[in-house]
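The values are calculated or read from the model by the stated rules, or taken from the named source; none is laboratory data. Here the structure is a predicted model, which is why all the values come from computation and not from measurement. With ideal geometry, Cβ positions are generated from the backbone for all residues, glycine too; neighbour counts draw on all protein chains shown. Side chains included, ligands, DNA and RNA excluded: accessible areas come from the protein's heavy atoms. Shrake-Rupley method; radii C 1.70, N 1.55, O 1.52, S 1.80 Å.
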Amino acid sequence: MRRHRFGRIAALIALSHLALVVVLGVLVPVTGRGEPLWTVVTRDSGLGWFFDETFVVPPWLAFVLVPIGAVQAWALWQVLRGRVRGEPAHRGRAVALLRLALYAGVAQSVVMMAVAPLAVAWEAHWVWTVAGIFSGVVQPAVVWLFFVVLRGGVSRGLRVFSLVVGIVASVGGLGQEITAALGLDAAGRVLALGGFGDDGWLVWGVSILVAQARDPRWSAATVRIGVVSQVMAVLQPGGGFSFGGGGGFPVVLVVHALLGAVSVFGLVWQARTAHELAEPLRGPVPRRVPERAPARWWPLAVLAVVLPLVPAAVNLARGRYHWIGPRGVIERFVRVDAGGDQALLWLALDVLVGVGVPALLVLAAVVRRTRPVVRSVVLVLAAAAAVGFVSALTVDPELEESGAFFYEGVQIYPEGLFAPGPDGEVFFGLSPAWYSAALLASALLLMVLYPAAPARRVRHHVLPAVAGVLAVLVFVPVGDQEPGPATAAGECAPRDGRRGEPEPPEPTREAARLRAVERLAREALTQPLAQICPSAGAVIRAMTAERDRESEEWAADARRACDTAPRHRPLVRPVAVTRVKWSSSTPAFPCA
């Protein structure tokens, strides 16, 4: 906090937002209603904008809204803390104007976040029109100033490309806002087509991120946040919506609202870009030549390349070249509820994965064997596998069994491709789960073949690993640590009925288990436990002494009986006579 110009104020505001979100999240299970938490996090009252008055926020949604609120608190801290303390670096008028333009865009976004619930409640929809026109005026200035500020550190070709794409996209966006305010829908559609829509801004943002990565004025963290913001821009749909609440739970609209609530990374990127323009230079970025990993056992590398081709070959043999097709909640969300640009991008991805293009990525990783390439390919394969598994798990089983396929949304599939067959069923292709399994197996093989070098495993990777292991150990139950029942000393001695001892008390839990399950009485354990249990040893010694005393009494009775009998001579003359003197070691029956 002390390192930044407005660190304390930013921390106070961020912590206040986080505390409000946590308190509202704790109150959700108590009150059973999540509307206040929904309003604070998504900036939507839930009435009359996305949903109708019948929509009720379920309590379980708090488990998603609270983490999103924490991300928003982090974004507030990043945006409001300002530059690092000290004398700002003076780098010319163009840098100052660029910082001013970026801060103007940040201020407009923060103000819209604050007034959005009020605008919805008061039905002041003109607020968004004013904000769009203001943004359309500021964005061309930002594009031009980036072109000027990046001079000298970035190639001229990249600067010109970003300038052309950014100007076309910004002019098209400003024209759409003006035509929408004037009700000129036809002109707005023409401008949307000429300005590339949101895809133009996506291309411009990627070009600026490439330039920032080569410029020492911006940190690697700022570039990474910018990459995340571009990914969120792709995930956030820009088209219209096909249905409202309708008394049920509108999953698509809820996902749209949650994606909009967590899409704060573009705002953070703008603020950090402006902050770091006034900070001292970090020095030139060292250019590292990536090291190539040694070639491993080639059959595993060939298997990693071939695996994505197996489900593609099976699908192509059946006349299907799609990866997912019209199945799953993700495909429906893109095709039915997103704009046309996102639907066409989805179709391209669907076809590329369906025909086995990921095998080329794996082949590139096997040939290059550098850590950045291998890591990028592994992440792409893992993301595609996750999308495939989600799509496979959300397939409507009645759709494939009945063959009642109703085509909705953007017409991206050829007509008649998914027509019912002779048996009345529609064949959509191989399950996306098979693709996902193949892609995930290829990713795992790449990780095994080309692991990170020990020098790359820096210390900041150790802390998350240790935290994860400790979390697993905390939440995994350990049976050895559960205390069992304690046996009293008196319970170790069995009852001796000859001495008139009373019946033992009710058996303990362990004794009852031994009698019921093991068919084993507690008395049977006295002899085995005599060597380790003092009480059991005492019982065994007492029993042995009692048995010896009874044996001696019986032997004495036998001797007295023999002594009272008259002496006699046997009728048969013995060959030899042996007289044995009685002692304690003499066996029983001495008269025999």
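Close contacts from segment 308-321, counting a first residue that is touching a residue at least 60 places away in the same chain (Cβ under 8 Å) and a second that is part of a helix (DSSP H, G or I) and open to solvent by 80 Å² or more (accessible area, probe 1.4 Å), with Cβ to Cβ under 6 Å and a gap of 6+ residues or different chains, come to P311/W434.
Condition check ((1) outside any helix (DSSP H, G or I); (2) open to solvent by 70 Å² or more (accessible area, probe 1.4 Å); (3) at pLDDT below 75) across all residues:
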residue: L76; (1), (2), (3): no, no, no
residue: L97; (1), (2), (3): no, yes, no
residue: L100; (1), (2), (3): no, yes, no
residue: A104; (1), (2), (3): no, no, no
residue: V120; (1), (2), (3): no, no, yes
residue: A124; (1), (2), (3): yes, no, yes
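On the given criteria, is A343 farther than 13 Å from P432 by Cα, modelled with pLDDT under 85, in a loop (DSSP other than H, G, I, E, B) and among the aliphatic types (A, V, I, L, M)? The answer is no for A343.
Restricting V366, V378 to those that are within 13 Å of A438 (Cα to Cα), in contact (Cβ under 8 Å) with a residue 60 or more places away in the chain and in contact with a helix residue (DSSP H, G or I) (Cβ under 7 Å, 6 or more places away or on another chain) reduces the list to V378. Considering L259, L303, the condition of being within 30 Å of W434 (Cβ to Cβ), modelled with pLDDT under 90, part of a helix (DSSP H, G or I) and out of contact with any His (no Cβ under 6 Å at 6 or more places or on another chain) is satisfied by L259 alone. Residues in segment 140-159 that are in a helix (DSSP H, G or I) and open to solvent by 60 Å² or more (accessible area, probe 1.4 Å): W144, R156. The residues listed here are V115, V64; of these, the one that is over 21 Å from T273 (Cβ atoms) and touching a residue at least 60 places away in the same chain (Cβ under 8 Å) is V64. Scanning segment 270-279 for residues that are open to solvent by less than 30 Å² (accessible area, probe 1.4 Å) and either within 15 Å of A75 (Cα to Cα) or β-branched (V, I, T) (or both) turns up A271, R272, T273, A274, H275.
Count of segment 1-43 residues, restricted to those that are surrounded by 19 or more Cβ atoms within 10 Å (Cβ to Cβ) and among the acidic types (D, E), is 0.
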